[in-house]
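Novice: This is the structure I have questions about; it appears just below.
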Amino acid sequence: MSWDWSVVDAFMPRFWDGVGVTLRALLFGSLIAFALGLVWAMAQRSGHRWVRWPVNAVTEFIRDTPLLVQLFFLYYVLPEWGPSMSALTTGIVGLGLHYSTYTAEVYRAGIGGVPVGQWEAATALSLPRSRTWIAVILPQAIRRVVPALGNYVISMLKDSPMIAVIGALDMFGQAEGYSNETFTAEAYTVVGIAFLVISYPASLLIRLLERRLALTR
């Protein structure tokens, strides 16, 4: 099979539509994963068992079930019990929820890495617990885990094609639809190169950030 540039040219408008969907899913999914992961991590350190145990059970369940199954559940099953969401919104929520359980472990490691003396100093200064978290613990913990969080963003990018199965036409979804219509393979190649172009520079940036943070520490 020979390469046909006219096929690529015809696919490009749909490709750029897919890029927009992919980047929106990645951006908002990452925000959900970062915010919810921090909530999970702090809840897991609660002194109350009735908070800690349910959170541990929920995060473990989400982490141990496939993302694809979770997307199908959110899109096809959940609307039977409550409000439905668009395919893209479901994809964003699914990605964010799934990866929040992994970022929770990253946050927990970062919080655990804060020296005990920092907690003791905050207690000696009679800082409220909320102030201790916001002003003392979290700034140090998050600084430690930024590179790891960045790695999960790249992982989320590579998992984003799964949202195509529920109808959110990201780059892969657009390529699949176009290839099925035209019986060509160029669109898949374009999308594969696009993922590489996005993820490889991002991985280099994360490595650079990791080295700089290590030097400043």
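The values are calculated or read from the model by the stated rules, or taken from the named source; none is laboratory data. Quantities reported herein were computed from a predicted structural model and do not represent experimental measurements. Methodologically, a virtual Cβ is constructed for each residue, glycine included, from the backbone with ideal geometry; neighbour enumeration extends over all protein chains shown. Areas reflect the complete protein model, heavy atoms only, side chains present, ligands, DNA and RNA absent. Shrake-Rupley method; radii C 1.70, N 1.55, O 1.52, S 1.80 Å.
Novice: Could you sort 9, 159, 170 by accessible area so the largest value comes first, with the probe set to 1.4 Å?
Specialist: Solvent-accessible surface, decreasing: 9, 159, 170.
Novice: I would also like to ask the following. Quick check for you: which residues of region 143-178 have the amide N under 14 Å from the point 7 Å beyond the Cα of residue 4 toward its beta carbon?
Specialist: So the set is 178.
Novice: Give the carbon-plus-sulfur fraction of the accessible surface of the chain in %, rounded to a whole number; probe 1.4 Å, heavy atoms of protein chains only.
Specialist: On the chain, the fraction of accessible area on carbon and sulfur atoms equals 66 percent.
Novice: If you count only protein heavy atoms and use a 1.4 Å probe, how large is the accessible surface of residue 48, to the nearest 10 Å²?
Specialist: 100
Novice: Taking the Cα of residue 78, stepping 7 Å toward and past its beta carbon, and measuring to each backbone N in region 15-52: which are under 18 Å?
Specialist: 24-40
Novice: How many Å² of accessible area per residue for the chain, probe 1.4 Å?
Specialist: 56
Novice: Another question, if that's okay. What are the DSSP H helices in the chain that stretch 24 Å or more along their long axis, judged by alpha-carbon atoms, and whose average Kyte-Doolittle hydropathy comes to at least -1.0?
Specialist: Long hydrophobic helices here: 5-44, 87-112, 138-159, 186-216.
Novice: What is the dipole size for the chain, taken about its Cα centre, with +1 at each Lys and Arg Cβ and -1 at each Asp and Glu Cβ, in debye to the nearest 20?
Specialist: My answer is approximately 1460 debye.
Novice: Here's something else I'd like to know. Give me the accessible area of residue 93, 1.4 Å probe, in Å² rounded to the nearest 10.
Specialist: 50
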